[in-house]
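As structure tokens, the structure follows; a few thoughts come after it.
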Amino acid sequence: MTPSAPDETPVRDLPFAPSASSATATDESGAIPTPRAPFNRHVAVEGRGSGDATAGEGWRAVRARRHRALLTAAARSGLEQMHVVGWLVLALVPLLGLVAADLWRAAPVWLWAAAAGTLGGVMVAWPRRRWRASASSRRLTLLVGAAALLAAAPAALLPPLASAADEASTWVWLVAAFAVAVGATVAPSAPAAGAMAFAPPLAAALALRPLLAAGLPAAAVAAPLAAAGLWGGVLAWGVAWHLRRGWRRQMLLGLEQAARLREAETARDAALRADADKSRFLAIASHDLRQPVHALGLFAATLHKRLHASPDEALARNLMRSVDGLERSFNAMLDISRLDGDAVTPRSQTFPLRDIFRRLHMQYAGQAELAGLALRFSPGGKSVTSDPQLLERIVGNLVHNAIRYTTHGGIAVVARSTHTHINIEVWDTGAGIAAADLPRIFDEFFQVGRGERDRSQGLGMGLAIVKRLAALLGHRLEVASAPGRGTLFRVGVPVGTLGGFDDEVAPADTLPMSVDVAQMVLVVDDEEPIREGLRLLLQEWGYQAMTAADLVQAERAVSALEGRVDLILSDLHLGGGAGGREVVASVRRLCGREVPAILVTGDTAGQALREVVAGTDPVLFKPVQPRQLFEAMRAALQ
């Protein structure tokens, strides 16, 4: 066989190929030229070793960002305290009047006073919130440097007289104190503090010239002034450096904490996104899987009914058992998904416990008898306020769990009264639960006493559903156990207001009624296997069935039947067109009456689903067991 020729599509024909004029020639290594056209790039996965080459560069970038952050914070801190520096500059004017009153006779002193007053007023009135990170450090340094020059300038205006020596010395000490105060104020900014530290030496240097011109001894004048100026500058810088060091330490600690907080927030956001993605994936995957499981259950039920009393009945029965086990697993995961997705809305009412206990006894008495266990229910004529279906599910899961983990003795379900609640208690004589396992028994997929899950004992989701349902209803749920003696589960339900009831068991109302008159059911589903499975199963039950894939076919079917539709059985989502609610509304409009309807869906979350569940039409979740479908249809047709 001749191998196929490689793809010889010209590069110029590709939609993203560069033009001949813009592309560069490939090099000797065969590298593909980079086009000049802009491309949006994203590296989804970094290759091994690619991060090592940029590790040093990344560290330098981190250090550079931290350095910029410190400079910005230092300048901002200094500018926020600028009004304090302004008041200190304004204080220089009256201090000069106290130290050297004779200087005010000269015009330059008045010019200096005007400059000091202007600079001090600007600093006091400085808008503390108006600053820019790029220019704030330079601006702060310039303002503080101007204040240092103004503080040192009066020393140059002293008269060349011997009597001015004391005034010069006093002013240098005042400038030193001024420098210490300003340096402490702007200490976070090293350039600003350094600019102010030059004020005392500068004042001493400016005061030396007029004093030496007066003929004073250099040793007697220069040494004290120089010592005062140098000491004042060193003191101002030392105080500023000490305060800056503490400020820097606190800032670095704050930056590290902020970085850790950002990392924690990033990790939290990533975990939330992963959890949301997981929930979305499970919802989509479970919906896609429930569709074929739902169809499989319908076909298996039809096959089981047709093979009744035939040599192949055992095969059909085993197939039904496998399908039932698969549906139970899906329903357990479906319940968890619905409860986590807020798709279940409790409908509280007051009702007697007798009805729930009677139905649970009918449901589990056979299982208990096969296991050799005694099963007793004692409602005590009490009534409660709760959602009857959800409460029945809670007690039913507890009873089922007790039967599964009890090998001898029995199970007792009793109702005990308190002032405000009725405690429904499920007692068993099983092996009990160790104290270390009690907090974990309500976790998903956890099975007591087993290192690995035993598939024959279920998924380990029953108690997890019980916990979520109790939290949804606001009922107190507690457990107590003694290893080797048994376990007690207690559910606290608010007391109802109905009168007392006796413990007599009323006739069962859960047996299916036979279909005496063939009724027409309109089946609407966008998947052909489900439509065909429902049609065959309904015909086996004695119903007439008409199928449709969407709204248009449903309207045609209603027209062909001349409006003789007794029940609508529709999927909630029908591809990309109109949904189940629109189909129900259209059929009712064409029939001119309120035709009963049942909606079936595989979705377990979403606002649209919550609205449907809160509506008047019953909703079944795929996969639907045939028995459950039969009961729902009978209730709707009644």
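The values are calculated or read from the model by the stated rules, or taken from the named source; none is laboratory data. Only a predicted model underlies this, so the values are computations on that prediction, with no experimental measurement involved. Don't worry about glycine lacking a Cβ; one is built from the backbone with ideal geometry, like all the others, and counts go over all protein chains shown. Surface areas here come from the heavy atoms of the whole protein model, side chains and all, with no ligands, DNA or RNA. Shrake-Rupley method; radii C 1.70, N 1.55, O 1.52, S 1.80 Å.
Skip the ligands, DNA and RNA, and give the accessible area per residue of region 338-418 with a 1.4 Å probe, whole Å². Numbers along the way, then the final one.
On the way: 3600 Å² over 81 residues.
With the other protein chains kept in place, region 338-418 gives 44 Å² per residue.
In nm, what is the difference between 0.36 nm times the number of residues separating ARG376 and ALA436 and their Cα-Cα distance?
Values: separation 60, 0.36 × 60 = 21.60 nm, distance 2.96 nm.
Here the segment from ARG376 to ALA436 would lengthen by 18.6 nm.
Check VAL600: other-chain or 5+ apart residues with amide H under 5 Å from its amide H, H built from backbone geometry?
Those lying under 5 Å, H to H, from VAL600 are SER570, ASP571, LEU572, LEU620.
Given points 7 Å out from each Cα along the Cα-Cβ axis, report the GLU582 to THR407 separation in nanometres with one decimal.
It works out to 5.9 nm between the two label points.
What's the FRET efficiency of LEU637 with THR345 using the Cβ-Cβ distance as r and R₀ = 22 Å, to the nearest 0.05?
On the way: r = 25 Å, r/R0 = 1.13.
According to the calculation, E is roughly 0.35.
Please give the contour-minus-distance gain from THR170 to GLU80: 0.36 nm per residue of separation, less the Cα-Cα distance, rounded to one decimal in nm.
Details: separation 90, 0.36 × 90 = 32.40 nm, distance 3.08 nm.
Between THR170 and GLU80, full extension yields 29.3 nm more.
What are the ³J(HN,Hα) values, in whole Hz, obtained from phi via the Karplus relation 6.51 cos²θ - 1.76 cosθ + 1.60 with θ = phi - 60°, for each residue of region 477-486 in sequence order, with x given for Gly and Pro?
With coefficients 6.51, -1.76 and 1.60, one gets 10, 9, 9, 9, 8, 10, x, x, 10, x Hz.
Subtracting the Cα-Cα distance from 0.36 nm times the residue separation, let me have the gained length for ARG317 to TRP110 in nm, one decimal. Write out the running numbers ahead of the final one.
Values: separation 207, 0.36 × 207 = 74.52 nm, distance 11.28 nm.
Extending this stretch completely gives an extra 63.2 nm.
Apply the Karplus parameterisation 6.51 cos²θ - 1.76 cosθ + 1.60, with θ equal to phi minus 60°, to every residue of region 469-475 and state each ³J(HN,Hα) to the nearest whole Hz, in sequence, with x for glycine and proline.
With coefficients 6.51, -1.76 and 1.60, one gets 5, 5, 5, 5, 7, x, 9 Hz.
Tell me, what HN-Hα J-couplings in whole Hz come from the Karplus equation 6.51 cos²θ - 1.76 cosθ + 1.60 at θ = phi - 60° for each residue of region 302-318, using x for Gly and Pro?
5, 5, 5, 6, 6, 8, 4, 6, 10, x, 8, 5, 4, 5, 5, 5, 5
How do 111-122, 577-588 rank on mean C-beta neighbours within 10 Å, highest first?
Details: 111-122: 16.0, 577-588: 19.0.
Result, highest mean Cβ count within 10 Å first: 577-588, 111-122.
Specify the inter-centroid distance of region 138-199 and region 349-396, based on alpha-carbon positions, in whole Å.
Distance between centres, Cα-based: 91 Å.
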